[in-house]
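Following: one structure in structure tokens, then a few remarks.
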Amino acid sequence: MKKTLTILIVSILSIGIARADEGMWLLPMLQKFNEQAMRNIGSRLTADDIYNINHASLKDAIVQFGGGCTGEVISDQGLVSTNHHCGYGSIQRLSTPEKNYLEDGFYAKSLDEEIPVPGLTVTFMKSMSDVTGQLEKLDDKAREEKIKEIEKAASEANPGCRPRVISFYNNNVYYLVVYQVFNDVRFVGAPPASMGKFGGETDNWMWPRHTCDFSLFRIYADKDNNPAAYSKDNKPYKPVKSLKVSLKGVSEGDFAFIMGYPGRTQRFQTAAQLQDMVDINNLRVEARTVRQQVMWEEMLADPVVHLKYANKYAGSANGWKKWQGEDLAFRKLNIIGREEQKEAALTKWIEKKKSRREAWGDAIGTIDTYIADRQPAYRNAILVMETLGNIELIGKLTGARGFREEDYDKEVDRKIAKAVTRFYLQNVKPEDKIQLKDRELTLENSDAFIDRFFDNGTEQDAKDLQTAIYAAMGVGRGNAADEGYAAYQKASKDYAAALLAWKKGEPSYPDANFTMRLTYGNVKPYSPKDGVSYWYYCTANGVLEKENPDDYEFRVPEKVHRLIEARDFGQYADKDGQLHTCFLTNNDITGGNSGSPVLDADGNLIGLAFDGNWESMSSDVMFEPDLQRCINVDIRYVLWMIDKVGGASNLIRELEFVR
Ligand code: ARG
């Protein structure tokens, strides 16, 4: 009895109070939704300190790094930190077997040693404003025109900026977001991959953790401090705002928040959509297992191949492992069942009132029918893409953009091509099989076919193969499901609108869509399963515990080993005398947040977010308060690596410390 009463009281209290941990909040809504709740659990900041479009605020120090990561400005000289795995592709492209920055690490000891990275951009967000009112009553065509008009006006009002109208909540809400893009970005420093990627794929997505996942870049600007293409006359950018770096360390329960650019979540999708996603991802996992196995063997056998394929491998393996964890978590946490319960409750609520039935009708049914109709063609497209679509020689012979000769090894590609083609043929339905001009591709002739293509293939052969692949993927071919696409879009919008109306009055946040968000919570340990509890931090002792010179993923450079053994941590040691490597918070992040600053109650930098944990890999779909954690590298581990191991005191001197 007493218990029931408590539960009742607790649940009443929790209505209308934003959860501390769940939520990728929109910055313009902070004051309304989050400011007080943040202060209640320890924040000393106002919404205005974080986001203000008229004076400098924290958001001016947070950047989108490249297309898919986050970084932060940490000095008044435009120095930017992000994750090692975010700088990885750039560092790999700048490396050669002779100057292997990826393998050996690198620190510029002066500005003129910094290395331009062609194609790399850093983007600031200047402002965000709700423009839904101007767009919601329009049909598709009129809306598109209005969007162009809004962007054009914003472009004139903000010279040198890139305004974009972006949709939220499945097209129910629109914001005008004004960006400023810098494209002279230079590589400043990174630890060797053995540290920046310590633990490799084995530790990826897992706790406990000892990865020193950071890299450093610098933004350059023209003489007026504006974005400009690379020029040797460009100067380090003078930022509006840069973060102070805290040496204080973290304790359990400390307030912590993260700002960054989360990529994609699926929190406004139906159970059928989610099941479809998991099924497709499982197929991807199988195909990638085949490709990665061949690639990894070749990489281990030859350091030159290793460098060429390091980035391709890491990209493939990251999704591959994430989806395996996702599948496990979906089952263990009954994600589909819980989603179905939510749908049933929503449906009941809609059906109670005529006006609701008229507004949202059978949105769920329409979505689910579309997903079912689309399934065979979608599966086939993904199967082709993840197999034949990965034969690099096609891109080489057709002169595809994005093909890089420097990263290519024909014999590795040939072996991969044979393996993935066999996998394709084992899994494709006979009626969907790729149509070649002169023969039917079979398991019996596939190796010979690949050999012929690799030995004598012409540009025309490659084009023919590509055309056949596109046809099998259904590119340009309408199918039954495509005809339902408009209705599906409308139903998705209705579904999100219904969910919002159902929870009206509660703070809400839209799915991640690569726009800037904030998530807040605490430093917090967790229990992964019965009888096991994890600490909320790891120390350098674990680096030595995991060390294994015979395992590529767990090599420790001699100097790192020696300094840890000597306990030479300098000012970067915690008050307990240890060097803390990584720590946990209950923040709500996803891919794209990588490299995001973890900030304390005063907005000082305490770490870089870089991963999620294995037990809650369904987190893009549903937040798990008890299980879900964000894995962060302690900023003091980063600084120790730069200073004590790397000897780059020039960079340390640029920073402003809080002690
Ligand atoms: N799991 C990390 C993320 O998605 C990426 C880690 C990259 N490291 C790796 N071993 N592949 O942000």
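Nothing in this text is a laboratory measurement; each read-out follows from the coordinates by a stated rule. Note that the coordinates shown come from a computational prediction; the quantities given were computed from them, not determined experimentally. Don't worry about glycine lacking a Cβ; one is built from the backbone with ideal geometry, like all the others, and counts go over all protein chains shown.
Brief remarks on what is shown
- For T585, the amide hydrogen comes within under 5 Å of the amide hydrogens of K524, C630, N632, counting only partners 5 or more places away or on other chains and with H modelled in the peptide plane.
- Here the contact order of the range 297-406, divided by its residue count and restricted to Cα pairs under 8 Å and six or more residues apart, works out to 11 percent.
- Cysteines in the chain that lack a partner Cβ within the 4.7 Å cut-off: C161, C212, C538, C582, C630.
- Mean separation of Cα pairs under 8 Å and 6 or more residues apart, divided by the residue count, gives the range 477-557 a relative contact order of 11 percent.
- Across the range 515-531, computed HN-Hα scalar couplings (Karplus, 6.51 cos²θ - 1.76 cosθ + 1.60, θ = phi - 60°) run 9, 6, 9, 10, 10, 10, x, 9, 6, 7, x, 7, 10, x, 6, 3, x Hz from first to last residue, x flagging Gly and Pro.
- Number of Lys-Lys pairs in the range 504-645 with C-alpha atoms under 23 Å apart and a separation of 8 or more places or on different chains: 6.
- Candidate aspartates and glutamates for bridging to K348, where Cα separation is under 13 Å - those fewer than 8 sequence places away on the same chain excluded: E340, D362
- With 25 Å as the limit on Cα-Cα distance, the pairs of K197/K321; K321/K490; K146/K342; K148/K312; K312/K332; K241/K321 that go past it are K321/K490; K146/K342; K148/K312; K312/K332; K241/K321.
- Relative packing of peptides 366-379, 207-220, 420-433 - highest average C-beta neighbours within 10 Å first: 207-220, 366-379, 420-433
- Overall form of the range 316-412 per C-alpha gyration tensor (a/c, 1.5; a/b vs b/c): prolate
- Summarising the amide proton neighbourhood of V658: residues at separation of 5 or more, or on other chains, whose placed amide H is nearer than 5 Å comprise V245, S246, L247.
- Membrane-span-like helices in the chain (whole DSSP H runs, Cα extent of at least 30 Å along the helix axis, mean Kyte-Doolittle hydropathy of at least -0.5): 271-301, 363-386.
- Taking every alpha-carbon pair under 8 Å whose residues sit at least 6 apart, the range 334-465 reaches a relative contact order of 24 percent.
- 3J(HN,Hα) along the range 196-212: x, 10, 3, x, x, 6, 4, 8, 3, 6, 9, 10, x, 9, 9, 6, 9 Hz, from the Karplus curve 6.51 cos²θ - 1.76 cosθ + 1.60 with θ = phi - 60°, whole Hz, x for Gly and Pro.
- Residues whose placed amide H lies under 5 Å from that of T539, excluding near-sequence neighbours: T581
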